[in-house]
Protein chains: 2
Amino acid sequence: MSKVRYGIIGVGNMGSAHAGTIFHGGIKGAELTAVCDGLPDKREWARQQWPGVAVFESTEAMLASGLVDAVIVASPHYSHPEEAIKAFSAGVHVLVEKPAGVYAKQVREMNEAAAASGKTFGIMYNQRMNPLYRKLRELISSGELGEIRRTNWIITNWYRSQAYYDSGSWRATWSGEGGGVLINQCPHQLDLWPWTIGMMPTRIRAFCQFGKHRNIEVENDVTAYAEYANGATGVFITSTSDAPGTNRLEVTGDRGKIVIEDGKMTFWRLRQSETEFNASNKIPFGTPEVWKVEIPDQGPSPEHAGIMQNFTDAILHGSELIAPGEEGINGLLISNAIHLSTWTDDWVELPFDEELHYEELSKRIASSTFRKSEPAAPAMPVDLSRTF
Amino acid sequence: MSKVRYGIIGVGNMGSAHAGTIFHGGIKGAELTAVCDGLPDKREWARQQWPGVAVFESTEAMLASGLVDAVIVASPHYSHPEEAIKAFSAGVHVLVEKPAGVYAKQVREMNEAAAASGKTFGIMYNQRMNPLYRKLRELISSGELGEIRRTNWIITNWYRSQAYYDSGSWRATWSGEGGGVLINQCPHQLDLWPWTIGMMPTRIRAFCQFGKHRNIEVENDVTAYAEYANGATGVFITSTSDAPGTNRLEVTGDRGKIVIEDGKMTFWRLRQSETEFNASNKIPFGTPEVWKVEIPDQGPSPEHAGIMQNFTDAILHGSELIAPGEEGINGLLISNAIHLSTWTDDWVELPFDEELHYEELSKRIASSTFRKSEPAAPAMPVDLSRTF
């Protein structure tokens with residue numbers, strides 16, 4: 001194979017952006033051969049946008065055409081696992097948009113189908129391409145920061161006005177999206193959190209507020225507290241109504257502290273680890289010697305194009321995936337645990353009862369205002385260049 | 001009265017510092033006439049330090065001497081209310097060191113004695129003199145920041161090594177101090193938190209870790225989540241084993257965000273309040289216009305001397321107290337609620353059951369390693385110029 005022939009499932013906001021990138025030659029070794037969408041208006045629009053590309057009404061028809069080696073799943077959140085499973089069954093590689101799905105139970109089935117197919121499986125965690133977070137991960141995995149003790153992520157800069165929520169009847173509903181800021185805006189951070197530090201929490205106690213300062217069903221204000229097997233703790237705070245919000249990630253280890261804020265990384269490096277200092281220090285108010293290290297600018301992030309290039313290279317040349325699809329479940333487990341802790345007003349130990357989570361989610365879907373018979377989205381994509 | 005004659009109860013680390021300030025003429029309208037301490041070595045040392053100042057073995061003897069108009073209570077934490085009550089009964093003004101006491105029940109009795117006496121009652125909340133926090137309070141009370149929505153205080157720079165904890169057998173024990181970072185290091189922040197925003201939490205869910213990376217009984221790592229009557233939320237994170245720690249206070253309101261970090265205050269001011277913007281905005285990804293305002297340097301803090309001067313001026317000239325003693329209970333209620341939430345592994349609604357808190361504390365005192373018969377502290381004060 002010299003080129004990967006791509007089909008896009010769903011040409012809404014994100015799907016059409018990815019289609020455009022491939023169509024215009026943005027990904028080496030990739031070509032856009034097909035798209036599919038259930039809405040006639042969108043299919044018509046797609047024909048005009050990408051002349052020569054086959055346009056299908058259904059995923060099944062596109063997969064049966066033999067025109068595609070790989071698909072990008074960019075349909076509504078709930079359908080990601082279902083669409084991916086169809087593609088794996090047809091022997092096609094899958095790059096799934098975030099979130100991996102809405103509930104863990106469903107995503108496990110997708111992961112099983114992927115494993116059984118032997119096909120390449122990636123997830124659009126484009127923030128894993130961000131050199132800042134890559135560097136953080138490297139500084140941790142190499143031991144520079146020492147054993148992790150604390151993470152505080154204040155990620156409250158997901159401002160969304162009521163006009164945003166009103167722009168699609170499916171938005172911010174239990175039946176349309178299955179969650180709010182955790183499912184729509186935060187999947188990247190919920191992935192980066194365990195990915196950079198290399199640890200999943202062992203238990204979570206979380207506090208969601210639903211429809212805060214907004215007329216919506218789902219959570220848009222979240223404070224979550226996490227504990228880890230080694231005794232470390234963490235806090236994750238997010239909101240869509242704070243203005244202006246903050247994006248500040250602080251990670252403390254036995255050998256210092258790293259802060260990422262305003263696109264810059266600062267490493268306060270201890271000359272001697274805290275554990276060693278504490279064991280030998282005899283001065284009551286003594287403190288370890290600390291050096292402020294400004295980590296050089298790591299350059300721009302290749303974002304979505306970077307993930308698509310890496311995924312294409314994995315298919316063509318066996319390159320290692322930066323965002324393996326199977327790892328999509330990690331951030332979702334945290335997201336699900338945060339919901340479940342709020343709903344049960346109690347701790348959630350990981351692994352948690354995924355059936356119970358699904359039952360609780362189903363109750364909320366049952367009383368949701370959104371009905372799937374309504375139009376799923378505005379007919380034409382809007383400019384999402386400022387979003388992820 | 002042209003001068004307030006001061007007596008110091010306890011010439012340990014803080015008491016001797018305050019005595020020195022007054023003795024050397026640091027407070028206008030104040031003179032040091034007496035000190036008292038139960039330890040013979042300290043009394044001998046005091047006679048050498050402050051010639052001409054009367055030295056007593058007991059509070060009772062000092063109060064009976066008629067030599068003092070006001071006392072500064074700088075004895076061990078537990079005894080603050082008891083010593084203050086003695087002084088009020090003798091018709092003497094009281095400036096009490098922080099914390100006001102160790103448990104709320106006990107501090108209420110002190111407040112009642114103060115009210116009954118009609119004497120001036122202050123608390124050594126020297127951080128209320130810090131122009132940064134005074135400015136924050138002013139920007140909030142004047143409405144510049146709008147209604148408060150969120151506070152995040154990461155105050156993890158209370159580094160204390162094992163050598164510190166080993167420097168006094170009473171340190172970091174339930175019977176000696178009645179708590180750890182919440183009782184010894186954080187009282188200022190626990191006071192400033194409600195004082196600056198003008199709100200007390202309605203309920204708290206907190207997570208203390210006891211003896212984290214240190215061989216001590218009490219909490220030295222805390223994450224607390226707070227909710228307020230208006231729907232606002234807050235997080236308070238503190239530690240004595242993070243190196244280097246952080247001191248970053250972020251307050252978000254309807255009209256923007258203020259961050260105090262590294263001794264600087266930045267105000268991100270919305271041109272129009274978030275509520276107004278949200279109500280009128282029609283652009284799905286629209287965000288409110290925000291101006292970054294660098295609040296001018298507010299100058300140095302007069303710290304403890306500022307509190308002592310204000311307290312003296314209140315006695316002599318009726319000046320308004322910056323830190324009224326009665327308000328000492330606010331931070332302590334938060335501190336007690338954080339302990340209680342951890343001990344019961346549940347929410348604590350404020351006001352909480354103070355008897356239950358005291359019962360739980362008493363259990364820990366009963367099994368504490370420290371026995372009050374042991375020497376209470378090192379004989380000579382150590383240099384505390386770098387602490388508060």
*segment A:312-347, residues that are assigned by TED's automatic domain parsing to the domain that holds A:ALA19, over 18 Å from A:ASN126 (Cβ atoms) and among the hydroxyl-bearing types (Ser, Thr, Tyr)*: none
*Taking segment B:217-233 on its own, how many of its residues are within 10 Å of another protein chain (Cβ to nearest Cβ) and crowded, with 24+ Cβ neighbours inside 10 Å?*
6
*Spot the failing condition for B:ALA172; the list is (1) at pLDDT 95 or above; (2) at negative phi; (3) more than 11 Å from every other protein chain (Cβ to nearest Cβ), and only one is missed.*
(2)
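Report yes if some residue within segment B:156-168 is of a type in the set (Asp, Glu), over 29 Å from B:GLU354 (Cβ atoms), in a loop (DSSP other than H, G, I, E, B) and without any contact (Cβ under 8 Å) to a residue 40 or more places away in the chain; otherwise report no.
Within segment B:156-168 (the criterion being of a type in the set (Asp, Glu), over 29 Å from B:GLU354 (Cβ atoms), in a loop (DSSP other than H, G, I, E, B) and without any contact (Cβ under 8 Å) to a residue 40 or more places away in the chain), the answer is yes, since at least one residue qualifies.
For segment A:144-182, enumerate the residues that are among the polar types (S, T, N, Q) and within 18 Å of B:LYS282 (Cα to Cα).
A:SER161, A:GLN162, A:SER167, A:SER169
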_Residues to consider are B:ALA46, B:ALA115, B:ALA74; find the one that is over 30 Å from B:PRO351 (Cβ atoms), in contact (Cβ under 8 Å) with a residue 24 or more places away in the chain and in contact with a strand residue (DSSP E or B) (Cβ under 9 Å, 6 or more places away or on another chain)._
B:ALA46
_Residues located in segment B:118-136, provided they are touching a residue at least 24 places away in the same chain (Cβ under 8 Å) and either within 24 Å of B:GLY15 (Cα to Cα) or not in a helix (DSSP H, G or I) (or both)_ = B:LYS119, B:THR120, B:PHE121, B:GLY122, B:ILE123, B:MET124, B:TYR125, B:ASN126, B:GLN127, B:ARG128, B:MET129, B:ASN130
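Can you tell me which residues in segment B:28-58 are in a helix (DSSP H, G or I) and of a type in the set (D, E, K, R)?
Of everything in segment B:28-58, those that are in a helix (DSSP H, G or I) and of a type in the set (D, E, K, R) turn out to be B:ASP41, B:LYS42, B:ARG43, B:GLU44, B:ARG47.
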*Where in segment A:278-383 are there helices (runs of 4 or more DSSP H), lying wholly inside it, with at least 1 residues that are farther than 30 Å from A:ALA19 by Cα and modelled with pLDDT of 95 or more?*
A:328-344, A:354-366
_Unmet requirement for B:SER75, which otherwise passes all of (1) closer than 25 Å to B:GLU327 by Cα; (2) surrounded by fewer than 20 Cβ atoms within 10 Å (Cβ to Cβ); (3) under 25 Å from the mean Cα position of the chain (by Cα); (4) of a type in the set (Gly, Ala, Ser)_ = (2)
*The lone exception for B:PHE267 - which of (1) touching a Phe, Trp or Tyr at 6+ places or on another chain (Cβ under 9 Å); (2) closer than 22 Å to A:TRP153 by Cβ it fails*: (2)
*In this structure, is B:LYS105 at pLDDT below 95 and either under 27 Å from B:GLU354 (Cα atoms) or surrounded by fewer than 21 Cβ atoms within 10 Å (Cβ to Cβ) (or both)?*
yes
*Can you find even one residue in segment A:139-159 that is more than 29 Å from A:LYS264 (Cβ to Cβ), more than 21 Å from the chain's Cα centre (by Cα), among the aliphatic types (A, V, I, L, M) and surrounded by fewer than 23 Cβ atoms within 10 Å (Cβ to Cβ)?*
no
*Among (1) more than 9 Å from chain B (Cβ to nearest Cβ); (2) in contact with a helix residue (DSSP H, G or I) (Cβ under 8 Å, 6 or more places away or on another chain); (3) hydrophobic (A, V, I, L, M, F, W, C), which single condition is A:MET199 missing?*
(2)
*Would you check if there is a residue in segment B:127-137 being more than 14 Å from chain A (Cβ to nearest Cβ), buried (at least 20 other Cβ atoms within 10 Å of the Cβ) and either among the polar types (S, T, N, Q) or more than 19 Å from the chain's Cα centre (by Cα) (or both)?*
yes
*Kindly indicate whether any position in segment B:5-12 is assigned by TED's automatic domain parsing to the domain that holds B:PRO81 and at pLDDT below 95.*
yes
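Is it fair to say A:CYS208 is within 14 Å of chain B (Cβ to nearest Cβ) and either within 21 Å of the chain's Cα centre (by Cα) or farther than 29 Å from B:LYS212 by Cβ (or both)?
Criteria met by A:CYS208.
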*Answer yes or no as to whether A:ALA61 is buried (at least 22 other Cβ atoms within 10 Å of the Cβ), modelled with pLDDT of 95 or more and not in a strand (DSSP E or B).*
no
*Only one of these is surrounded by fewer than 24 Cβ atoms within 10 Å (Cβ to Cβ) and under 25 Å from A:SER167 (Cα atoms): A:ASP41, A:ASP69, A:ASP37. Name it.*
A:ASP41
*Here are some residues: B:TRP268, B:TRP347. Which one is surrounded by fewer than 18 Cβ atoms within 10 Å (Cβ to Cβ), within 14 Å of chain A (Cβ to nearest Cβ) and touching a strand residue (DSSP E or B) at 6+ places or on another chain (Cβ under 7 Å)?*
B:TRP347
*In segment A:186-216, residue surrounded by the fewest Cβ atoms within 10 Å (Cβ to Cβ) [restricted to those that are assigned to a loop (DSSP other than H, G, I, E, B) and out of contact with any Phe, Trp or Tyr (no Cβ under 9 Å at 6 or more places or on another chain)]*: A:GLY198
*Search segment A:234-260 for residues being in contact with a strand residue (DSSP E or B) (Cβ under 6 Å, 6 or more places away or on another chain), more than 8 Å from chain B (Cβ to nearest Cβ) and not in a strand (DSSP E or B), and hand back the single one that is surrounded by the most Cβ atoms within 10 Å (Cβ to Cβ).*
A:THR240
*What number of residues within segment B:1-20 are of a type outside the set (Lys, Arg) and over 20 Å from the mean Cα position of the chain (by Cα)?*
6
*asked:* Step by step: first the residues of segment B:90-101, then only those that are of a type outside the set (D, E, K, R) and in contact with a Pro (Cβ under 9 Å, 6 or more places away or on another chain), then the one that is surrounded by the fewest Cβ atoms within 10 Å (Cβ to Cβ). Which residue is that?
replied: B:GLY101
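The values are calculated or read from the model by the stated rules, or taken from the named source; none is laboratory data. Since the model is a prediction, treat every value here as computed from it, not as a measurement. Ideal geometry is used to build each Cβ from the backbone, glycine not excepted, and the neighbour counts take in all protein chains shown.
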